[in-house]
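> Please see the structure below; I have some questions.
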């Protein structure tokens with residue numbers, strides 16, 4: 001007799017995403033790339049660089065700490081998880097784009113090849129440079145789910161040469177005003193709009209609640225926490 005499928009939802013994997021921002025001739029620009037057409041997760045859509053959190057992201061040392069208010073949004077009550085998520089966002093972005101948000105430092109003897117490369121360069125993540133946009137959870141009926149945190153950083157805090165490693169195609173700077181013209185999934189489209197909303201506010205008003213983008217009965221649902 002065949003084993004019946006487990007009706008319980010798959011537990012989401014923690015993930016970190018990084019929205020890099022710079023000023024362009026048409027206003028603010030964000031760095032985006034297209035997922036491969038045969039990718040298991042959101043194929044052929046434009047996304048921000050990022051990926052799932054690994055055990056090594058907890059072990060590697062940072063050059064500077066994550067600001068407490070950012071940690072409180074990314075993982076309420078769990079600053080160590082928030083830090084690891086920010087480390088994952090910077091590591092994944094370095095892997096996928098060649099750009100590294102870092103300062104002088106030593107990540108330590110971590111086995112992951114990306115962390116070893118940072119150590120060779122004498123660099124470690126500069127977590128104090130990160131801002132925070134929001135988080136999103138994949139629908140409960142999906143076989144592959146993520147609980148992604150969307151961090152943000154100005155491009156001048158990143159070093160390196162823009163280059164892809166194959167995980168994202170057509171990697172380029174997109175005017176924020178034109179990002180909606182790209183093929184985006186609903187989560188990315190929402191976060192693009194959230195970045196626009198935050199940038200339109202005076203800096204002193206950008207503190208406060210941040211969105212949690214999720215789903216109820218298959219329909220997108222947003223709460224500000």
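The values are calculated or read from the model by the stated rules, or taken from the named source; none is laboratory data. Every value quoted in this text rests on a predicted model; they were computed, and no experiment measured them. Cβ placement follows ideal geometry from the backbone for every residue including glycine, while neighbour counts extend to all protein chains displayed.
> For segment 100-109, indicate whether the set of residues that are touching a residue at least 60 places away in the same chain (Cβ under 8 Å), in contact with a helix residue (DSSP H, G or I) (Cβ under 7 Å, 6 or more places away or on another chain), closer than 24 Å to residue 167 by Cα and surrounded by 17 or more Cβ atoms within 10 Å (Cβ to Cβ) is non-empty.
Within segment 100-109, one or more residues are touching a residue at least 60 places away in the same chain (Cβ under 8 Å), in contact with a helix residue (DSSP H, G or I) (Cβ under 7 Å, 6 or more places away or on another chain), closer than 24 Å to residue 167 by Cα and surrounded by 17 or more Cβ atoms within 10 Å (Cβ to Cβ).
> Further question: Taking residue 141 as the residue in question, decide whether it is more than 18 Å from the chain's Cα centre (by Cα), touching a residue at least 24 places away in the same chain (Cβ under 8 Å) and within 16 Å of residue 12 (Cβ to Cβ).
yes
> Still on this model: Quick one: count up the residues across segment 167-218 that are more than 19 Å from residue 150 (Cβ to Cβ), touching a residue at least 60 places away in the same chain (Cβ under 8 Å) and out of contact with any strand residue (DSSP E or B) (no Cβ under 8 Å at 6 or more places or on another chain).
Matching residues across segment 167-218 total 2.
> Here is a further query. Would it be correct to say that residue 153 is assigned to a strand (DSSP E or B) and surrounded by 15 or more Cβ atoms within 10 Å (Cβ to Cβ)?
Yes.
> Kindly evaluate residue 221 against the criterion of being over 19 Å from the mean Cα position of the chain (by Cα) and free of Cβ contacts under 8 Å to residues at least 60 places away in the same chain.
For residue 221, the condition - over 19 Å from the mean Cα position of the chain (by Cα) and free of Cβ contacts under 8 Å to residues at least 60 places away in the same chain - is met.
> Still on this model: Among the residues of segment 4-49, which ones are touching a helix residue (DSSP H, G or I) at 6+ places or on another chain (Cβ under 8 Å) and either part of a loop (DSSP other than H, G, I, E, B) or at pLDDT below 95 (or both)?
26, 45, 48, 49
> Go through (1) assigned to a helix (DSSP H, G or I); (2) touching a helix residue (DSSP H, G or I) at 6+ places or on another chain (Cβ under 7 Å) and name the single condition residue 118 misses.
It is condition (2) that residue 118 fails.
> Residue 52 versus (1) out of contact with any helix residue (DSSP H, G or I) (no Cβ under 8 Å at 6 or more places or on another chain); (2) surrounded by fewer than 22 Cβ atoms within 10 Å (Cβ to Cβ); (3) touching a residue at least 60 places away in the same chain (Cβ under 8 Å): which is the lone unmet condition?
Unmet condition: (1).
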